[in-house]
Structures are given as C-alpha cells and as structure tokens.
Amino acid sequence: MTTALTTSTTPEEDLAQVQREHGGPLFSFLLRLCDGDRQRAEDLVQETYVRAWQHPEALDSRYESVRPWLFTVGRRLAIDARRARLARPAEVGDAVLDSARVCADHAERSAAALDVREAVATLSPEHRAVLLEVYFKGASVAEAAGALGIPPGTVKSRAYYALRALRRVLPGYAPDLR
C-alpha cells in the first residue's frame, strides 16, 4: 500500500483496501468487546476507520500489517466508550418510572403527621403509652413492659387494640384489616 506522507489524510482507495482486508476480523474483535452489541461494534469500526483516515502514517508500507494498529485503536475506542457509559447515570425507561414509588411531598407528610398526632390523641392514655414505647421509641415488647410496669402480654394486646383503633380513625392510611 503506498501512501503519500505529504497528505494529511489517507486516500480513499487505500482505506477501502484496509476495510476489505481487515474489516471482518476488526468487527468480530470489537463485537466481543461490546458484549455482542452490533450497533456499538459497528460504530467503533467506523470510528477506527476515521482514525486510520486521519493518520496515513499508520498505513505506511514499511509496516508488515496495519491490523495490530487497527485493533489497538479499536480496543482503546471501546475502552473509552465503556468508561463514558459508566460515567453517566443509567438511563431509566418508562416501565421503571411507571412502577416507581411516588414519595409524598413535604406538605403531604406534614398533613399526615398532624392526622396521626390527632388520631393518637384520641386513644386512652394506656394505649398511647404502649404505642409511644413500642413504635415511637423503638422498644421491644419486653423493654416496653419493663418501662411501663405491665406484663409483656398486656403490651401486645394494648398495641394490637391501639393500632386497630387508629385504623378506624385513619381509614386512608392503612389497609382495612378486619
């Protein structure tokens, strides 16, 4: 292959010859690097040929084969493309967005907190004390029983009946468990 070093790009006929000789193996190599993604591999092959077109010295007849240079350029392009993809956040499809949980805004959370506070205020002091220990302070049944000076079974039954009463007062917040 003869290339004039005075030109800044590779002549089209030389590039076409390189493509005929090395296109299939280069595509197969890049396809493996792209985990079978044909579109990405084709894009990398084209970008490799653009680099070959921009660097006519790589096709100089002094070298035995241009294939190692092509494979090195293609491999580096594949690595750069992979790094660029990993640097960006993953794209989210519509199906994921449709199934995503919707978080309430601050105003809705504040309104819900007020509703719960009012509902807890309707409970008897004994039921309220159990809920405070178990659900708001995070105490175990045994710890709540020790703090309140009542048996663990009483803690369990008061918690059950307190939650049941809250479900009646707050119908939109919990599933109806009868």
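The values are calculated or read from the model by the stated rules, or taken from the named source; none is laboratory data. Computed from a predicted structure; not experimentally measured. Cβ: placed from backbone, ideal geometry, glycine included. Neighbour counts: every protein chain shown. Only protein heavy atoms, including side chains, enter the accessible area calculation; ligands, DNA and RNA are left aside. Shrake-Rupley method; radii C 1.70, N 1.55, O 1.52, S 1.80 Å.
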Quick check on the stretch 59-74: of everything there that is touching a helix residue (DSSP H, G or I) at 6+ places or on another chain (Cβ under 7 Å) and without any contact (Cβ under 8 Å) to a residue 40 or more places away in the chain, which residue is least open to solvent (accessible area, probe 1.4 Å)?
Val73
Where in the stretch 36-108 are there helices (runs of 4 or more DSSP H), lying wholly inside it, with at least 1 residues that are modelled with pLDDT under 80 and not aromatic (Phe, Trp, Tyr)?
94-99
For the subset of the stretch 4-48 comprising residues that are within 13 Å of Phe71 (Cβ to Cβ) and among the hydroxyl-bearing types (Ser, Thr, Tyr), which member is least open to solvent (accessible area, probe 1.4 Å)?
Thr48
When residues of the stretch 148-175 are filtered for being free of Cβ contacts under 8 Å to residues at least 40 places away in the same chain, surrounded by 15 or more Cβ atoms within 10 Å (Cβ to Cβ) and not basic (Lys, Arg), how many remain?
8
Whether any residue in the stretch 124-139 is surrounded by fewer than 15 Cβ atoms within 10 Å (Cβ to Cβ), of a type in the set (Lys, Arg) and out of contact with any helix residue (DSSP H, G or I) (no Cβ under 9 Å at 6 or more places or on another chain) is what I want to check.
no
Can you work out which of the residues in the stretch 119-128 that are in contact (Cβ under 8 Å) with a residue 24 or more places away in the chain and part of a helix (DSSP H, G or I) is farthest from Gly172 (Cα to Cα)?
Glu126
